[in-house]
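This report refers to the structure that appears directly beneath it.
The values are calculated or read from the model by the stated rules, or taken from the named source; none is laboratory data. Nothing here was measured: the structure is a model prediction, and the numbers come from that model. Note that each Cβ is placed from the backbone with ideal geometry, even for glycine, and that neighbours are counted across all protein chains shown. When the accessible area is computed, the model is the full protein with side chains, heavy atoms only, and any ligands, DNA or RNA have been set aside. Shrake-Rupley method; radii C 1.70, N 1.55, O 1.52, S 1.80 Å.
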Amino acid sequence: MNHIGYRNLLIQYIDRQETDQPILTAQITQYVAKETGLAEADVKKAVNVNMARLEKADKIFRIEKGVYCKKIKTAFGYYTPNKETLFCRQLLYDRDDVIGYETGLSVLNRLGLVSQMPKKKCIATNMYTKRVPSGIQVEIRKPSVNVNRANYRYLQILDIIRDLDKAPVDAVRPEELLRGTVKTLALDTDALIFMARKFYSSKILIKTIDIMLGGLYETAQR
């Protein structure tokens, strides 16, 4: 395997990754297969062997099976990113594609709708079947529809609207805060209402219309 230069290929790939970027053996295997012109099945074992050697050489740090991160040497010892941060990134991104978003009480707290600090961060993701490693305070939820870069902000807002009634909301004017968030994110109100109608309950649809129109819909129904 050494004459093909697996180790050098792995180091080249690892060096290109950001410090807080999870390094997946599946993605490295694809990279090595492409660079060598071999099938993924033919390079998989060599990749696993060399990743284990790089770990022993303090080049990388193993997070869980098949998941590593860069190990950076500093004047104060080795720096490795937070395991929870790396795990969340796997749930939120697949390379440059968005596959998840923060939801639940954690995002309500971040937006100032609730002051209660949740014990766990909640993420809705296409990888909702993924197991949460022991010691990581993350709850995984199945999204209403497959998440992508075009829709994740809309789904996040609709989840917030859905959770308003059951969350300990203590913001003075939560509806105004939500409308301000939608405006800040430059989201299209018609698109938001359309997604509420297509992927959420009729109750959420009515509530979305009411919030976005500032109570005008509710008044018209009386």
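Within segment 82-116, the set of residues being part of a loop (DSSP other than H, G, I, E, B) and open to solvent by less than 10 Å² (accessible area, probe 1.4 Å) comprises LEU113, VAL114.
The one condition from (1) without any contact (Cβ under 8 Å) to a residue 24 or more places away in the chain; (2) loosely packed, with under 14 Cβ neighbours inside 10 Å that TYR13 does not meet is (2).
Between ILE161, ILE140, the distinction of being within 15 Å of the chain's Cα centre (by Cα) and either over 24 Å from LEU192 (Cβ atoms) or modelled with pLDDT of 95 or more (or both) belongs to ILE140 only. Selection of segment 117-131 for residues being open to solvent by 40 Å² or more (accessible area, probe 1.4 Å) and not in a loop (DSSP other than H, G, I, E, B) yields only LYS121. Applying a threshold of 8 Å to beta carbon distances and a minimum spacing of six or more residues, or different chains, the list of pairs starting in segment 19-39 at a residue that is within 14 Å of ARG95 (Cβ to Cβ) and ending at one that is among the basic types (Lys, Arg) and surrounded by fewer than 16 Cβ atoms within 10 Å (Cβ to Cβ) reads GLN27/ARG95. Restricting the first member to segment 40-58 and to residues that are closer than 11 Å to TYR6 by Cα, and the second to residues that are open to solvent by 50 Å² or more (accessible area, probe 1.4 Å), the beta-carbon pairs closer than 7 Å and six or more apart or on different chains are ALA46/MET1; ASN50/ARG7.
The condition of being of a type outside the set (Gly, Ala, Ser), out of contact with any strand residue (DSSP E or B) (no Cβ under 7 Å at 6 or more places or on another chain), open to solvent by 90 Å² or more (accessible area, probe 1.4 Å) and not in a helix (DSSP H, G or I) holds for only one of GLU18, GLU35, that being GLU18.
Summed over segment 40-79, residues that are farther than 23 Å from ARG95 by Cβ and open to solvent by less than 80 Å² (accessible area, probe 1.4 Å) total 6.
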